[in-house]
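Only one structure is covered here, and it is reproduced in the block below.
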């Protein structure tokens with residue numbers, strides 16, 4: 001179970017804007033739902049194989065604490081991690097115990113009712129994707145350089161020009177910059193939507209194979225396959 005928890009924490013908490021996720025699981029699936037505190041990112045994920053310990057509906061709050069526990073030296077080798085259940089039969093926490101049983105901690109879950117209330121998200125309408133591609137490491141590095149050069153800009157704009165996908169920072173009234181993020185795309189982006197730069201790059205830095213889809217109707221999606229799970233990050237367009 002530790003590997004699944006580490007994967008989940010990396011692909012949610014490590015973005016820097018999410019500290020609570022909801023797990024919905026049964027014998028056929030284990031789903032993950034998360035929402036950034038500033039509503040800039042919606043996460044929906046599925047483990048490739050159902051996790052036997054993740055049966056039920058519950059919340060994982062304070063993911064920073066969970067990360068700390070998972071990375072304590074006492075729990076890195078041959079630790080015993082066990083899901084506990086409350087009087088209703090719902091999972092209510094994880095007991096951590098080291099190999100010899102003399103170092104213990106308990107991490108508490110959030111009940112299904114509370115987490116469902118806290119993670120209320122609008123229903124996502126079907127989206128027509130106009131651009132779809134797999135980003136390169138070189139493009140991600142160039143994005144970081146532009147972010148460094150335009151540190152005062154929280155957002156960037158994505159447009160197509162002459163078949164290339166270009167990202168723009170700033171505008172003609174301020175310092176500005178732009179670059180080709182992915183050449184030779186099919187499809188077009190004509191509308192000047194803005195996207196959160198920090199969140200975009202944080203997702204790009206995650207472990208796993210990535211695919212990007214952008215809609216000219218105001219939505220972007222990054223899919224990351226970590227090997228254990230597939231995470232979909234939906235980024236609604238931002239106000240400039």
Sorted by Cβ density within 10 Å, fewest first, the residues 20, 165, 6: 6, 20, 165
Per residue, the convex hull enclosing the Cα atoms of the chain spans a volume in Å³ of 137 Å³
So between residue 205 and residue 62, what do we pick up on full extension, going 0.36 nm a residue minus the alpha carbon distance? 49.3 nm
Of 185, 201, 9, how do they rank once you tally other Cβ atoms within 10 Å and put the fewest first? 201, 185, 9
If you average the C-alpha positions of the stretch 69-87 and of the stretch 195-240 separately, how far apart do those two centres end up, in angstrom? 31 Å
Using a/c under 1.5 as the rounded threshold, could you call the stretch 131-214 rounded, prolate or oblate? The axes a ≥ b ≥ c are square roots of the C-alpha gyration tensor eigenvalues, and prolate needs a/b larger than b/c, oblate otherwise. oblate
What number, rounded to the nearest 500 deg cm²/dmol, is the helix-based mean residue ellipticity at 222 nm of the chain, given -39500 (n - 2.57) per DSSP H run of at least four residues and division by all its residues? -5500 deg cm²/dmol
Does the stretch 1-47 come out rounded, prolate or oblate by the C-alpha gyration tensor, with a ≥ b ≥ c the root eigenvalues, rounded set by a/c under 1.5 and, if not, prolate when a/b is larger than b/c and oblate if not? oblate
Which whole-number percentage describes the relative contact order of the stretch 1-55, with Cα contacts under 8 Å and a sequence gap of 6 or more? 31 percent
Averaged across orientations, what area in nm² does the convex hull of the alpha carbons in the stretch 1-138 project? 10.9 nm²
Relative contact order %, the chain, counting alpha carbon pairs below 8 Å whose residues are six or more apart: 18 percent
Calculate the spin-label point distance for residue 120 paired with residue 152, positioning each point 7 Å from the Cα along the beta-carbon direction, and give it in nanometres. 3.9 nm
If one takes the longest principal axis of the Cα atoms in the chain, at what angle in degrees, from 0 to 90 and to the nearest 10, does the Cα axis of helix 137-149 lie? 70 degrees
In nanometres, what is the gap between the two model label sites at residue 38 and residue 127, each 7 Å from Cα along Cα-to-Cβ? 1.8 nm
With the 8 Å Cα cutoff and a minimum separation of six or more residues, the stretch 131-214 has a relative contact order in percent of 39 percent
How do the peptides 135-145, 55-65 rank, highest first, by the average count of neighbouring beta carbon atoms within 10 Å per residue? 55-65, 135-145
Once you place label points 7 Å from the Cα toward the Cβ at residue 217 and residue 103, how far apart are they in nm? 5.2 nm
When the chain is fully extended, how far beyond the present Cα-Cα distance does residue 173 get from residue 144, taking 0.36 nm per residue of separation? 8.2 nm
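Each value in this text was obtained by applying a stated rule to the coordinates, not by laboratory testing. Treat the numbers as computed from the prediction; the structure is a model and nothing was measured. Note that each Cβ is placed from the backbone with ideal geometry, even for glycine, and that neighbours are counted across all protein chains shown.
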